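**Q** Shown below is the structure under consideration.
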Amino acid sequence: MLGYIIKKNIFWKMLLYTLISSIILSCNEDFKKLIETTNQIDSMNVTYGESKVLYLIVDGLRGKSLQSANVPNIKSLLTNSIYSYYSLNDEDSKYIYTNWADMLTGVDKSKHLVEGDLRKNNFIKYPIIFKHVKELSSKYKVYSISDDPVFSQYFGAEAINNLKVSSDEEVESKTVESLSDDSVTMLTAHFTQVNKVGKLYGYDISKSQYADAIQNFDNSVGKILNALKSRRNYSKERWLVIIASSKGGDYTIDETQNDHTIFSKPINNTFTIYWSSTYKTNYINKPFVGNNLQGEFIRFGNTHSAYVSEGENSLYNFGTRVYTIEIKIKKNPGIDSSYKFTNAPIIRKIKNWSTDSSSNGWSIYLDGNSWKFSAIGSQGKGTVSGGTLSDATWNNITVECIQKEDIRYIRTYTNGNFNNETNIQNWGYFDNPNPLALGHQNGDVEGTLDAYLADVRIWNAALPDEVISKYSCLGEINDDHPYFNLLTGNWPMVDIQGNKILDQGPFSSNMTLTGGIFTKKYLTEYLCAPSASELSMLVPRGVDIPAQIISWLKIPRNEDWDLDGRVWLDE
């Protein structure tokens, strides 16, 4: 019995020893995996070099002017660069401080709060990029060099070495000197002279003083690049060189160059270059902003209107039929100099809403920055919202009535893009004896329109989505259009005879102009141009730069940083 107990104890001890050994071996294996992962990172630094950033900010250098300038040092970088002469700053920024904050925090002014008063900044929640770099490693050294005391106080202060100088020449020399420091991880140099010259003589390459200032900046870039490549360990390092302007400058451009988008605002026209020896060339050109719509168009404002005075108005009582209504509009600034309007009628078939609110009819009208379709039927009424309209450029509005499984719906589209759909089965019919009309409408609730109108079309068909998408942002149509033979009205709005707007459709539903003397203007402007916010997403922006730096330095991105910028790739 005693032997059995001894053997049993030995068995349990051996089993316990085996379990402990397994746990230790397992832990060692896990520990080994951690060590191997670290070694992989270290070996990657050895193979590819330690990541570093040289960031040159220049104020007041327009991208278009740089494109035409004699800048051999800057242009020598382009073969290995992601770059654009059409990059943008914040369209609504009134202060250069806002642009600096965008370029150094990676968030816009709604977050960093920098506008006129820098003391009201929100850098605690949305810090300068230098802070993120320093937090990655205590070994990382960050430089900021500027001759602007405000820049140094509010932006450079986060750097380990915040060098305050008195001129661009000193910015250059201190940058060259600082690049001899083996431990530098990020160096930001801020140049101001181009902006000072632009203020005095004009922000355009045609001004010799401005052209000379750009060349001087390029000379500084050349000396800085030479210093960079002369670093003792340059061949073992992995550098990202960023050269970007914080702003362009006010300048009146030739009207032939004006596309009436943000790209025609010289103060927003910046440039951005991301260079690395490993990058392939990626030139980011000005994006497509739309087709041109040309012609002499009537301006509808104040009491101006037009109504169908010939032909048969009953054609535009749709009853139970499906149909499509289409019109192009270019808004002008209203009485408060904004592009927002309230209940401003564009096209309608109703007397008015205030005195005829119980009678059938429909109206398409501007409301705020967008548009709406409202109707009163024999059984009910309602409103269907459209989309946002871009300012000072042509937009296309489409409303169609479709039928699905015996149920009628109104669908809205802006510039060929679907907006909303509403079931109108219980609204009844909108038929009424009033003429189809454009523009001003008498009444207490109707607002005043100020806009050019074009390509008013009504179809005896519900156009498919793909047809609306394909043709909305084109101008004149012909029998190549798959639904051309189903037009019941086609008013291009450029075929005017006296006070008549001629209908080029099959029923000669000509319109008569009323409401006083009309003005006409020849326009050649873009149709369906994206909004400024949409366009800015298609080219580099100042707010993108910190995201690019964070990616390059392999800083783990924290969702709490809530960055607004994106990373650009060389493809």
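The values are calculated or read from the model by the stated rules, or taken from the named source; none is laboratory data. All figures in this text were calculated on a predicted structure; none of them were measured in a lab. Cβ coordinates were reconstructed from backbone atoms using ideal geometry, including for glycine residues, and neighbour counts include every protein chain displayed.
**Q** Looking only at residues in segment 428-443 that are in contact with a Lys or Arg (Cβ under 7 Å, 6 or more places away or on another chain) and at pLDDT 95 or above, which one is nearest to TYR323 (Cα to Cα)?
**A** Only one residue fits best here, namely LEU436.
**Q** Checking the condition under 30 Å from ASN442 (Cα atoms), in the same structural domain as ASN369 (by the TED database), surrounded by 13 or more Cβ atoms within 10 Å (Cβ to Cβ) and hydroxyl-bearing (Ser, Thr, Tyr), which residue from THR519, THR514 passes? Don't jump to the end; show me each part of the working.
**A** On the way: THR519 fails: surrounded by 13 or more Cβ atoms within 10 Å (Cβ to Cβ).
From the options THR519, THR514, the qualifying one is THR514.
**Q** Another question, if that's okay. Given the structure, is GLU135 more than 30 Å from TYR251 (Cα to Cα) and out of contact with any Cys (no Cβ under 6 Å at 6 or more places or on another chain)?
**A** For GLU135, the condition - more than 30 Å from TYR251 (Cα to Cα) and out of contact with any Cys (no Cβ under 6 Å at 6 or more places or on another chain) - is met.
**Q** Sticking with this structure for a sec: Hey, among the residues in segment 204-226 that are closer than 19 Å to SER146 by Cβ and among the small types (Gly, Ala, Ser), which one's surrounded by the fewest Cβ atoms within 10 Å (Cβ to Cβ)?
**A** Applying the filter and picking the extreme gives SER220.
**Q** Where in segment 63-118 are the helices (runs of 4 or more DSSP H), entirely inside, with at least 3 residues that are at pLDDT 95 or above and under 18 Å from ASN195 (Cα atoms)?
**A** On the way: elements: 63-68, 72-75, 96-105, 109-112.
The qualifying helices (runs of 4 or more DSSP H) are 63-68, 96-105.
**Q** Still on this structure, please answer the following. Taking the stated definitions as given, is LEU113 assigned by the TED database to the domain that holds THR192 and touching a residue at least 60 places away in the same chain (Cβ under 8 Å)?
**A** Working: assigned by the TED database to the domain that holds THR192: yes; touching a residue at least 60 places away in the same chain (Cβ under 8 Å): no.
No; evaluated as a whole, the condition is false for this residue.
**Q** Report whether or not GLY380 is farther than 30 Å from PHE484 by Cβ and exposed (fewer than 15 other Cβ atoms within 10 Å of the Cβ). Please lay out each step first, then the result.
**A** Numbers: farther than 30 Å from PHE484 by Cβ: yes; exposed (fewer than 15 other Cβ atoms within 10 Å of the Cβ): yes.
So GLY380 passes the test.
**Q** Next up: Which of the residues that make up segment 337-367 are in a loop (DSSP other than H, G, I, E, B), modelled with pLDDT of 80 or more and among the charged types (D, E, K, R)?
**A** LYS340, LYS351
**Q** Can we say ILE284 is within 19 Å of ASP495 (Cα to Cα) and touching a residue at least 12 places away in the same chain (Cβ under 8 Å)?
**A** Numbers: within 19 Å of ASP495 (Cα to Cα): no; touching a residue at least 12 places away in the same chain (Cβ under 8 Å): yes.
Judged against the criteria, ILE284 is not a match.
**Q** In segment 145-165, how many residues are of a type in the set (A, V, I, L, M, F, W, C), over 30 Å from the mean Cα position of the chain (by Cα) and under 15 Å from ARG119 (Cβ atoms)? Before the answer, list the steps.
**A** To start, the set of residues in segment 145-165 that are of a type in the set (A, V, I, L, M, F, W, C) comprises 145, 150-151, 155, 157, 159-160, 163, 165.
If we keep only those that are over 30 Å from the mean Cα position of the chain (by Cα) too, we end up with 145, 157, 159-160, 163, 165.
Those left that are additionally under 15 Å from ARG119 (Cβ atoms): 157.
The total comes to 1.
**Q** Another one. Can you pull out every residue in segment 118-160 that is touching a Leu at 6+ places or on another chain (Cβ under 9 Å) and of a type in the set (S, T, N, Q)?
**A** Answer for segment 118-160, where residues must be touching a Leu at 6+ places or on another chain (Cβ under 9 Å) and of a type in the set (S, T, N, Q): ASN121, ASN122, SER144, SER146, SER152, GLN153.
**Q** Could you tell me which residue of segment 150-203 is surrounded by the most Cβ atoms within 10 Å (Cβ to Cβ), considering only residues that are aromatic (Phe, Trp, Tyr) and part of a helix (DSSP H, G or I)?
**A** Going through segment 150-203, the residues aromatic (Phe, Trp, Tyr) turn out to be 151, 154-155, 191, 201, 203.
Add one more test, that the residue is part of a helix (DSSP H, G or I), and what stays is 151, 154, 201.
Values: PHE151: 26, TYR154: 20, TYR201: 15.
Here the residue is PHE151.
**Q** Please identify the pairs in which a residue from segment 312-336 that is in the same structural domain as THR448 (by the TED database) and outside any strand (DSSP E or B) has its Cβ atom under 7 Å from the Cβ atom of a residue that is among the β-branched types (Val, Ile, Thr) and at pLDDT 90 or above, counting only partners at least 6 apart or on another chain.
**A** Matching pairs, first to second residue: LEU315/THR488; TYR316/ILE458; VAL322/ILE402.
**Q** Residue check: is LYS229 without any contact (Cβ under 8 Å) to a residue 12 or more places away in the chain, over 26 Å from GLU525 (Cβ atoms) and loosely packed, with under 15 Cβ neighbours inside 10 Å? Show your work before the answer.
**A** Values: without any contact (Cβ under 8 Å) to a residue 12 or more places away in the chain: yes; over 26 Å from GLU525 (Cβ atoms): yes; loosely packed, with under 15 Cβ neighbours inside 10 Å: yes.
In short, yes.
**Q** When you scan segment 372-491 for strands (runs of 3 or more DSSP E) that lie fully inside it, which ones turn up with 2 or more residues that are free of Cβ contacts under 8 Å to residues at least 40 places away in the same chain? Write out each step before concluding.
**A** On the way: elements: 381-388, 394-404, 407-414, 417-423, 437-439, 450-459, 487-491.
Passing ranges, in order: 381-388, 407-414, 417-423, 487-491.
**Q** Hey, another quick one. Of all residues being within 38 Å of the chain's Cα centre (by Cα) and hydrophobic (A, V, I, L, M, F, W, C) in segment 416-444, which is surrounded by the most Cβ atoms within 10 Å (Cβ to Cβ)? Just the residue, please.
**A** Here the answer is LEU438.
**Q** What's the total number of residues in segment 403-415 that are hydrophobic (A, V, I, L, M, F, W, C) and surrounded by fewer than 17 Cβ atoms within 10 Å (Cβ to Cβ)?
**A** To start, the set of residues in segment 403-415 that are hydrophobic (A, V, I, L, M, F, W, C) comprises 407, 410.
Filter once more, keeping what is surrounded by fewer than 17 Cβ atoms within 10 Å (Cβ to Cβ): 407.
Qualifying residue count, segment 403-415: 1.
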